[in-house]
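A quick write-up on the structure given underneath.
Read-outs throughout are calculated quantities, based only on the coordinates presented, and are distinct from any laboratory measurement. No experiment lies behind these values; they were computed from the predicted model shown. Positions of Cβ are generated from backbone atoms using ideal geometry, with glycine treated the same way; all protein chains shown enter the neighbour counts.
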Amino acid sequence: MSQLEFRGLSKSFGDLRALDDLNFTVGASEIFGFVGSNGAGKSTTMRIALGVLEATSGQVLLDGEELDFTTRRRIGYMPEERGLYPKMKVGDQLIYLAQLHGLPKAAARASMEKWTERLGIASRRADIVQALSLGNQQRVQLAAALIHEPDILILDEPFSGLDPVAVDVMSQVLIERAELGAPVIFSSHQLDLVERLCTRVGIIKSGRMIAVGTVDELQSRAGDRWRIAMVGPTDFSWLASFPEVSLVANTDTRAEFLTLTPGAEQKVLAHAAATGSVDSFGRYRVPLADLFRDAVALPDDSQE
Amino acid sequence: MSPNVPPQSDSGTTSTNPVDPSSPGLTSARSTRRGPTAPSSTTSGPTTPGPRQFSPLSSAGSIWLIARRELSVHLRSKSSIITTAIMTVVLVGGLILVKYLGSPDPIALGYVSEAEAATTTVVSMIEAQDREVSSMQYSDLDALRSAVTAGDIDAGISLDDGLTLIVNEEADSTVLAAATNAKHSLAVAQAAAMLPANEGAELTAQLSSPVAVTVLNPPSDVDGSQVAVGFIVGFLLYLGIFGGGMAVAQGVVEEKSSRVIEILLASVRPWQLLAGKVIGIGLASIAQVATYVVAGVVTANILGLTDSFSFNILTVGLWVLVWFLIGYLVYALIFAALGALVSRQEDLGSVLPLPMTLVIAAYIIGVSVAPSDPDSTIVTIASYIPFTSPIVMPIRSAYNVASTTEVVISLVIGFVCIPLLLAITTKMYSNGVRRSGSKLKIKDVLKAS
C-alpha cells in the first residue's frame, strides 16, 4: 500500500513564493481533497509531484522514497489544463499513451476499450479529440490518467465542466481506485463534492496548508455549533447576551450559536423553551464551503 | 499513516468505505448506477493495481514508439500527401518540358527528284546543328506543295532559281540557314568547276571553312542539363529541409499548446520525446524526398534525358538523400530548440526568422549564384558551412566543380556539428517544453538545470 508524502515543499517563481513549506500526507485508500482559491498553489503542488516543475526545496516521497522518473510512471495524472493531441483519434491516442507507459499493444488496446466503455465514450473511439464536447474530452482525459492502471491518482480539477452523470461516474472511479488501495488526490472548487467524497481535506492558501484533516475534524475546529429554530418570529437578542455561548448568526425564527463551555446549549434550550415554542434544536454541521471561507478569510499570519 | 486517517480495512470487503461515513450525500454518490457506463461495470470491473504486469519501456522503445506516431501522423496527413503529389507532378512535368523544349521537334523535309543532292547537303547541315531531320522524295512540284500545305513536311526543296524553299507560313530559321548555305555551296561548286582543279579545290576549301574563334576567358563547363538538375536538387533539398524543420517546430509547439506535454512527460523523458519526434518526422521527410528522387531519376531515364547528361543522375540522387539527412538534422534540431521557447503556433514567427533566413540564403546561393559562377568564393564558403552546405554542396557536385575531398570535408563538418547541436537543443528543449505561457528567452532555457 502506497503513501504519498509532501515534505517541506517550497517553490518560487522569481519573487513570487508559490509554495511555502507545504506539508501533508495522503495514505493508501485515502481520497484527499485539495481546496484553495485560484492561485493558492494546488496545481503547482501537483505539477511538482509529476516532475513537470521542480521544487525550489522540499520533496515528494512515495513510501519514504523520493519520487523519481520510474516511480512517477505509477501515477495517473490529469493536468489542470487538459492535454491531449487535438487531432488524434480517441482510441489511438489512449493506446499510444498506454504504450508509452509500457503496456504491450494488446494490453493497451484492452485497457483503452475498458476505460472508454466505463467512461461512456466507447462510441467516440474513432473520432478525433477536438470533435468531442468539452465534457467528453474531459472523460478522455480521465481515461488517459487511468489507462495504465496507476497506483496513485493526482487529478487537477477532475470535476470541472462535467455534467451530473459524468460527476457520478468520475466519483465512482475515484472511490473504486481508493478501495483498491490507491492514494487519490484531487483538487476542486466544488466543495460539496469534496465533502461528499473525501476522506481528508487540505485547505491551501498562498502556498501554505492552513488546515488538514477529515471533514469532521475541520468541522470540530469550527467549535461546537448548534442551531435553534422557534415557532413564530422571535427576538434572539437574549441569546447574544447569554453567558457561555456566542451567537454566530440569526434570522427572526432561527439562530446559530457556538458553545464556549460544554453543556451550555442545554441552558439555551431550557431558556428558549421557557420563553417560547421551540420548533427544532440540534447540532449544526458547518458546510465545508463555510469552513473554507472562514479559513481563507483569516489573516496570513494567524497560523504562526 | 497519519493519525488522521480513519481506520481502514485492507481486506477488500465492500463494507470498507474510504468515504467519511457521516458525510451527507454519500449515498447518492455510492448508489448511482444509472450512469451510461453502469451496465459495463460488471463485465469490466476494476482490476487490482497490485504488482505491475508491465515493465517500463526502454529508451529505445519509447523513442521508437514516439517516432512511429510522428511517422504515421505525417505520412497520413492530407497536406503532406497533397504536397508530395503536387511536387512529384511538377518534377516529372518539368523533366518532360526540359526534354521537349531542349530538343525541338524533328524537321521533315520533302524534295523533288532533281533536288536530291541539294537536299542531302541541307540535311547534313541541319544535323550539324544537333537537330533531328528526315527527308522524303515527292513525284513532282505539285505533290511537294500539297504536302507542305497539308503539314506533312515542314519545307519542300526544289532547284528553281538555284534553290527554293517551299514553306507553309514561314521558314524555320535552322532550315533557312542550312538552305542558304547549301545554295551558296552549290554556287561555289559550280564556280569551282570552271577553274583549274587545284585552284577550284582551294576556293572551295576557303569558302566552306568556318570562322576561327579564339576564346580568351572560357566559362566554366556547366551545361544546360547541369543547371537544370542543380536547380531541381537545390529546390528539393530546400523544400525537404525547410518542410521537415517546420514540421518539427510545429510539432513541438503543438504539444506545448495542447498541454499534452504534461501527460507525456509523466511517462517519457524530454530527450526521448525530442529524439522520437526528430526521427519520426525525419523518416517521413526522407520518404518524401526519396519519392522525388525516384520519380526524377526514373522519369529522366525513361525520357532518355540521361544520355546527354555529363553526370550520373543516380549518384546525384543518392547524394541528395545523404545531404538531406544532414540538412534535416541540423535544421530540425535548431527548429526544435527554438520551437520549445514558445507555447503558441502564432509565436513561432518570432523565433524562427534566423534559421529561416539561413535556409533561404543557402537556397538562393545554390540556385542563383552557383549556376553562373560555381567557383565563386561565396559558393565555395557556403558549401562548407553546415547551415548552408546541405543545399549548396550537392549543387556544386551536380556541376562537377566539387572534388571528392571537398565533399568529404564538408560532410565531416556537418556530422561533427550535429552532436554539438544535439547537446544544445536537448538542453533548450528539456527546459523549454515544461514551461508554458509567454515566450522564453534563450539564455533562460540554457541556464536552467
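A few comments on the model shown:
- The calculated FRET efficiency for B:Arg145 paired with B:Val412, based on their beta-carbon distance and R0 = 56 Å, is about 0.20.
- Extent along principal axes [Cα atoms of the stretch A:61-139; Å; largest to smallest]: 42, 30, 21
- Formal net charge of residues neighbouring B:Phe335 (Cβ-Cβ distance under 15 Å; K, R +1; D, E -1): -2
- Debye log10 I(q)/I(0) for the stretch B:269-397, one point scatterer per Cα, at q = 0.09, 0.15, 0.20 Å⁻¹: -0.33, -0.84, -1.21
- The stretch A:195-209 versus the stretch A:63-101: alpha-carbon centroid distance in Å: 24 Å
- The share of Cα pairs per 10 Å bin across the stretch A:66-217, counted from zero up to the longest distance, runs 11, 40, 35, 13, 2 percent.
- Point-to-point label distance, A:Leu247-B:Thr306, nm (Cα→Cβ direction, 7 Å offset): 10.3 nm
- Taking each residue as 0.36 nm, the span from B:Thr315 to B:Ala128 lengthens on full extension beyond its C-alpha to C-alpha distance by 64.2 nm.
- All C-alpha to C-alpha distances of chain A, sorted into 10 Å bins beginning at zero, yield P(r) values of 6, 24, 27, 20, 13, 8, 3, 0 percent in whole numbers.
- Residues A:Ser206 and A:Glu65, FRET efficiency given R0 of 41 Å [Cβ-Cβ distance, rounded to 0.05]: 0.90
- Per the Debye formula on identical point scatterers at the alpha carbon atoms of the stretch B:199-315, with no solvent, log10 I(q)/I(0) at q = 0.15, 0.23 Å⁻¹ is -0.85, -1.24.
- Stretchable slack from B:Val215 to B:Val167, in nm (0.36 nm times residue separation minus alpha-carbon distance): 13.5 nm
- Cut-off 13 Å between beta-carbons: net charge of the residues surrounding A:Leu247, Lys and Arg +1, Asp and Glu -1: -1
- Charged neighbours of A:Ser280, selected by a Cβ distance under 10 Å, balance to +1 (K, R count +1; D, E count -1).
- Length gained when the stretch B:Val294-B:Ser77 is fully extended (0.36 nm per residue, less Cα-Cα span): 76.0 nm
- Unsatisfied cross-links (Cα-Cα over 23 Å) in the set A:Lys89/B:Lys277; B:Lys256/B:Lys427; B:Lys256/B:Lys447; B:Lys78/B:Lys441; B:Lys99/B:Lys183; A:Lys11/A:Lys205: B:Lys78/B:Lys441; B:Lys99/B:Lys183
- Remark: the stretch B:299-360 is approximated by an ellipsoid whose semi-axes, taken from the C-alpha gyration tensor as √(5λ), come to 38, 12, 9 Å, largest first.
- Base-10 log of normalised Debye intensity for the protein assembly as shown (one unit scatterer per alpha-carbon) at q = 0.10, 0.11 Å⁻¹: -1.05, -1.16
- Expressed as a whole percent, the proportion of Cα-Cα pairs in the stretch B:249-301 lying more than 12 Å apart is 71%.
- Each semi-axis of the equivalent ellipsoid for the stretch A:17-99 is √(5λ) with λ an eigenvalue of the Cα gyration tensor; in descending order they amount to 26, 17, 13 Å.
- Over chain A, DSSP H runs of length four or greater, each weighted -39,500 (n - 2.57), average out per residue to a 222 nm ellipticity of -10000 deg cm²/dmol.
- Reported value for the stretch B:380-426: 57 Å³ per residue, from the convex hull of its C-alpha atoms.
- For B:Val112, nonlocal amide neighbours, meaning residues 5 or more places apart or on other chains whose placed amide H falls under 5 Å from its own, are B:Tyr138, B:Ile157.
- Cα centroid separation, the stretch B:283-348 to the stretch B:181-211 (Å): 58 Å
- Only Lys, Arg (+1) and Asp, Glu (-1) charged, at Cβ; the protein assembly as shown dipole about Cα centre in debye: 3380 debye
- Prolate/oblate/rounded label for the stretch A:250-289 (Cα gyration tensor, a/c 1.5): oblate
- Relative contact order (percent, whole number), chain A, Cα cutoff 8 Å, 6+ residue spacing: 21 percent
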